1. Considering every residue in B:291-297, what mean count of other chain Cβ atoms within 10 Å of its Cβ is obtained?
2. Would you mind counting up the charge near B:Thr266? Only other residues with Cβ under 15 Å from its Cβ, with Lys and Arg at +1 and Asp and Glu at -1.
3. Nearest 10 degrees is fine. How inclined is helix B:405-417 to the longest principal axis of chain B, computing both from alpha carbons?
4. Percent antiparallel among DSSP beta bridges with both residues in the protein assembly as shown, to the nearest 5?
5. Please compute, for peptide C:164-175, the average count of beta-carbon atoms on other protein chains lying within 10 Å of each residue's beta-carbon.
6. Counting helices only, and only those DSSP H runs with n ≥ 4, report the 222 nm mean residue ellipticity of the protein assembly as shown as the sum of -39,500 (n - 2.57) divided by its residues, in deg cm²/dmol to the nearest 500.
7. Mind putting a number on the dipole of the protein assembly as shown about its Cα centre? Charges go on the C-beta only, +1 for Lys and Arg and -1 for Asp and Glu, and I need it in Debye to the nearest 20.
8. Within segment C:136-188, list the trypsin sites (Lys or Arg not before Pro) lying in a DSSP loop whose Cβ has at most 13 other Cβ atoms in a 10 Å radius.
Amino acid sequence: MISYRLFAPLMGLSLLAASPNPVSGEADLEGKQCFESRKDLSQVQQREIKPGVTNIKCSPTTGGVLYWGDPFDGTIPMGDMPVEADYSHEEAVVKPREPQIDRNKLLTICSMACHNGEYVPYPENKLARPLTMHKDIVPDAMQLKHGKQAIWCLDCHHAATRTKLIDNYGNEVSFNQPQILCGKCHGQVYRSWRDGIHGKRIGMWDKGGKKRWWVCTECHNPHDVQQGERNSGFAQLDPEPAPILPKGMLNTDHERGHGQDHGGTTH
Amino acid sequence: MKRFFQFVFDFLRASFSGGIFFWGWMLFLSFFIMLWVYGEYVQIANGMIVTGLNDQVSWGFYLANFVFMVGVAAAAVTVVFPAYVYKHKELHKIVVLGEMLAIAAVVMCLLFVTAHMGRPDRLWHIFPVIGIFNWPHAMLTWDVLVLTGYLALNIIGGFYYLYKKYTGKPVNKLFYLSIVYIAIVWALSIHTVTAFLINTMPARPMWFHSMMPIKFITTAFAAGPSLIIIVFLLVRKFTPMKIADEAFHLLSQIVVWCLGIALFLTLSEIVTELYPSTEHSLGLQYLMFGHHGLDALVPFFWTAMALMISSFILLLIPRVRKNLLLLPFICLAVFVGIYIEKGMALMIPGVIPTPIGEFAEYFPTHIEFMIVGGVWAIGFFVLTVLIKGAVGVMLGDVRYKEQASHRVQGEQANAVAT
Amino acid sequence: MSSQINKQNNHNSRAKDVSRRDFLRKAGTYSAASLTGAAMLLSPRPARATKNVTWAEHFQKNYRLMTDEEKEEAIERLVKRYSEEFGKKVNVNDTPAIDGVLFGYALNIQKCIGCRRCVKACVAENNQSRGDKQQIEWIRVMRLEKGKFSEEDRDNSGYPQDFGIQVGGNAYKPAGVVLEGQHYYEADKVPEKDAFYLPMQCMQCEKPPCVKVCPVRTTYRDPDGIVVIDYNWCIGCRMCIGACPYWARRFNWGEPDLPAADMNPDTHYLGNRPRMKGVVEKCTFCIQRTRKGRWTGCVEVCPVGARKLGNLLDPDSDVRKILATKKVFRLRADLNTYPKFFYFMN
C-alpha cells in the first residue's frame, strides 16, 4: 500500500508533464487560445467549424473572444433544474466546466493521485485550517476571500469525491452545474440568474430560442469573489485599446485635469 | 423675347467692361475661384476626411459661414424696408443694389451648404416629387424653402425693376410692391428659420435658447448694413452713380442700434449661462476661457468682443458715425467682429463638448480654407457683376435702343399685358 | 424559431462560397479575364466601393418606398458588388421587423468593468471602418472618476473667504463622482477601484430627434423600434448628428477602411452592410442578428453579462423582468426622447 501511495502522486505528476496544453496557453498551430470571460479559466481554441467560419474571433490585443461563429459550439444540455423557469421550455445548454478545470489534467489527477480516499485522509470536521497544498488557488486558506471566513473548502467541495461539489444535503453536484451549489447562499442572485437578469446568455434571444447559459464560475472566481478592495466580483482584465484621438487632438491631458480648476473660477 | 435677351446681353456687357482695376479685381477673384474648384474636387473625390471635421465636431467652418451669409442676405431688407415702408427717398433709389447683394449672399449660402454635405451627388433626394422632402418635420426643409424662395423673390423683384428701367417702361406697382413686401417679411424668415435650424436641438445646450432668432436678426442687421455701407461707398467712388450721404447716415444708424441690441443679447446670454455655471454652459465657458488647456477659440472670441464693443462705442458718437472716411473702417470692424462671433464662435462651441461631454478641438484644413475662400470669391464675383450691371441700368447707360419700331410696339403691347 | 432558418441561410451561402472559389481557382489558370477576380480574392483591402457602384444604385428610391421587386433588385446589386469587392459571398438580408416584437435593451451599470470588449465586438460584427485613418466605433465607454471628500477642503479652503464661504473646497474636485467622463482612459487593468464605467450607444428612442430632423427621411423608426438608416439615401447633411443627445451617430468622413478578410459577410440592408463615404451610420441593435432571433454582438461578448436585450412586449423577457424588478433609469430622460435603452442596478 505504501508503494502505491508513493506511486500515485508520481503518476499524477507525469500526467501533468504530458498534458497537451501548456499552462499559459499561447498561440499554437491550430489557432489562437482565447478566453471567454475569465482569463485562463474559460479558454477556447480557435478553429474552423465550417469553411471560412471559425468558432470564435478573438481580440488581437487582449485575447478575449469577440464573436462566436457558433454560439453553441462545445456545449452540453444544461440538465434538469429543480425549479420552473424560462429554460424549462427552451433549449438550454452550458459549456461544461470540467474540461476547463481539467485542462491540465488537474481534476483527473486530484481524484487519482491525492484525493483517492486514502492518501489524504478526510478531515474530521469542516473547520478552517491552514492548507499545505493548493496555495496557487487559495493562497491563505485561513483568509478565504469568499464568505468572510464563515465558510470553508468543504462547504462547497465534496469531502470524499473531490471531482464534485456538494449541496446542502450532502449530495454531489457537478462542476458543470455550480449554480446549484452557489444558489444555496445566493438565493436572490440565483433567482435573478434564472430569470436571465443576472449573468450572461448567448444564442437566440427570442422566446423558445436556444440559449447557452453561462454558469457562475465562468465569470466569478469562487475562491476570490471579493477581488480585493474593488469588491467587484470580477477579476481584473486588460481593457481593449482606447479609441483613436479625434483629428486635431494630440493628447487627452484635458481629461485628466479633474483635480484642478474647472471653468474660469479660482479657489 | 428678343428684348429680354438684349437686356441680358447689355447687362452682362456692362458688367464685364471696365478698366485695369476691374479686370485686376476679377482676376484676383478668379484665382480664389480656381482654388475653390480644386478644393471641391479634392473633397468630393476623397470625402470630407480632407476637412478638419470629425464625429466630435461635425459642423464647422462651412456652416459657420453659411449662418453668417444668411444674415447678410437677410440684411438686404434693411435697405428695402425703410425705402418702401417709410418712403425713404434716398434709399429708394439704391434699393436694387440691396437686392443684388441678397442674391449674391444666397448664392454663397447654397454653395456653403453644398460644401457641408457629405453626398452632394444625392442632392436630388431632397427635391419634392422625385425625392422625399420631409416637410414640415425637418427644420432643414423649411430652410431650403425660405432660402430658395428668397432667392427667387430677389431675382424676380430686382430684375423686374431693372428690366423696366432698361426698357424705359413704368413699373407695375402692384406687382412690384407685392414682391417687395413679401420679400421684406421673407428676409426675416430666412434668418429666423436658420436660427431654428440650430436652436431646436436640446442636444446642444449652447444653442438651445429662444434668443437665437432675434440675436441672429440683430447681428445680421448690424453686419449686413456694414457691408452695404462699404459696397455703396465703393459704388459711389468708382461709378458715376450718386448715393446721398443721407443714405449712409440711416444705414449707420441701423448698424449702431442693431449692434447695441446684439451686444445686449450677448451679455444676457453670458450672465444667464455663467451665473449658475451648469454643465450646459460648458460650451460657452470653452469659448470664453478654454477648457483645461484647450483654448483655440478664446482669442477669437475676445477679438470679436473687442471689435464689436469698440465699434459700438465709436458709432454712438454722431461725429464719428457721420464721418464717411472713418465709417467704412468701423463697418469693417463690425463686419469682422460679427463674422467671428456668429460664425465660428457660435458654431464650434455649440458642438464642443459633444452631448456626452467630450472635448475635441477643431482646426479647419487648407481644403476648407480654399473652399470657403473660393465661395467668398464667387460671392464677390457675382456681386460685382450684378452691381456693375445694375448701376449701368440705373444710370441709364444701359438701356434698350429701338431698332425696328413696329416690332418694339408689338412687344410693348406684350409688356403692358404682363 | 428563426435559428433554423438562419442556419440554413448560412449553410447555403457557404456552399455557394466554396463553389465560387473553386470556379475562380480553376478558371484563373486559364483565362486572363478572371485574373482580376482572383486578384480580388487575394487582395487584403477591398477595391474602392464607389468605383463599382452602378448607375441603377445611384438612382434607386428610398428603401422604405421600394416595391418588393425593387428591393430585390437593389439587394441583388449590392450582393454582386460586395461579393466582388470583398472576394467572398456576401449576404444582404432584408428581414423585416418581427410581429409582436419591440426591442429593448438593459445595461447593468453596476456590473460594467469598462473593458471595451463590446466596442471591439461591435466593430467586428458591424463592418465599421477601422484603422488609423478613420476609426468608427458605435459604442463609447466612459470612465467616471470617483473620489473622496477631503477634510482639509471642508472648512476654509473655498472661496470667497470673507463673510462665509460660498463655494466649498470639495467643489470642482473628484469628490463623490465627477460628471465629466473620460473617453480615452487607458488602464492597465479594469475595473479600477476609483472609477465606474458608462457605456453609451444608440438608445433607439421611441421619439428619436434624429428622425425628426432628417430632411430626406433616410433615417426612420421601424416597427420593432429600431431606428434605421438607408445608407443609399443619406445626403450626409449631419443634421441627425447635431440632434442626437447621446452622440450615437457616426459619419463616414472618407471611404470606409474595411479589410476584406475581416469583413462580416452576413449583413442586413439597414444594418451592417458595408457603407460608403459621406453617409451616417449608428448602432442598429445588430439588426442582421436580432431580426433572426440572435442576440446582438455586444450582449454576447460582455464578459460580465452586463448587457441584456429582449422583447419589451413579452412580459417574460429578461428586459421586461428587469424593468419590473430593478432600479432603472434612462439617460437624459428630461429630453423626452423615450430611449429603449435602460440602465439598471442590481
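Readers should treat all values here as calculations from the given coordinates under stated rules, not as data from a laboratory. A quick note: this is a predicted structure, and the numbers were derived from the prediction, not measured. No Cβ is skipped: glycine too gets one built from the backbone with ideal geometry, and neighbour counts run over all protein chains shown.
1. Values: counts 6, 12, 5, 5, 0, 1, 0.
That works out to 4 on average.
2. Numbers: positive: B:Lys215, B:Lys342; negative: B:Glu269, B:Glu273, B:Glu341.
Its environment carries a net charge of -1.
3. 50
4. Values: 44 of 56 bridges.
Of the beta bridges lying entirely in the protein assembly as shown, close to 80 percent run antiparallel.
5. Working: counts 0, 1, 0, 3, 1, 1, 0, 3, 8, 5, 2, 1.
The per-residue average across the peptide is 2.
6. Details: 33 runs with 446 residues, N = 1031.
Calculated from helices alone, the mean residue ellipticity at 222 nm is -14000 deg cm²/dmol.
7. Numbers: 111 positive and 93 negative charges, 512 e Å.
Dipole magnitude for the protein assembly as shown comes out near 2460 debye.
8. Values: sites: C:Arg140, C:Arg143, C:Lys146, C:Lys148, C:Arg154; in loops: C:Lys148, C:Arg154.
Answer by residue number: C:Lys148, C:Arg154.
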